[in-house]
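Working notes, structure below.
Values in this text are rule-based calculations from the coordinates and carry no lab data. Note that this is a predicted model, so its numbers are computed, not measured. Because the Cβ atoms are built from the backbone with ideal geometry, glycine has one as well, and the counts that use them run over all protein chains shown.
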């Protein structure tokens, strides 16, 4: 991705899981077991940079395995987006955004 660091600080700032209209309730529920497992592995290692994929912070972890429809994008409102000078949207649908 465009150099967005996979770290706890960015994950806490990320609004994908909180505000993204394209990230449906069904996708959020479906992602809970795998996200929790991956985040716990990262927490035990002391960082999350080695995690390949979680359903969230798509600008760092890559496109979603669940989101399929454009229902609105809040990326430009996100602090992670702003702080990393990102210019694309819909990182959840397309690797590197569109």
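Assigned to a helix (DSSP H, G or I) and touching a helix residue (DSSP H, G or I) at 6+ places or on another chain (Cβ under 9 Å): does that describe residue 29? The answer is no for residue 29.
Against the definition (surrounded by fewer than 16 Cβ atoms within 10 Å (Cβ to Cβ) and in a helix (DSSP H, G or I)), how does residue 21 come out, yes or no? No.
Screening residue 56 on (1) buried (at least 19 other Cβ atoms within 10 Å of the Cβ); (2) on the phi < 0 side of the Ramachandran plot shows it passes everything except condition (2). If the condition is being more than 18 Å from residue 77 (Cβ to Cβ) and in contact (Cβ under 8 Å) with a residue 12 or more places away in the chain, then region 5-25 contributes 5, 6, 7, 8, 24.
Of all residues in region 41-64, how many are in a loop (DSSP other than H, G, I, E, B) and over 11 Å from the mean Cα position of the chain (by Cα)?
Qualifying residue count for the region: 7.
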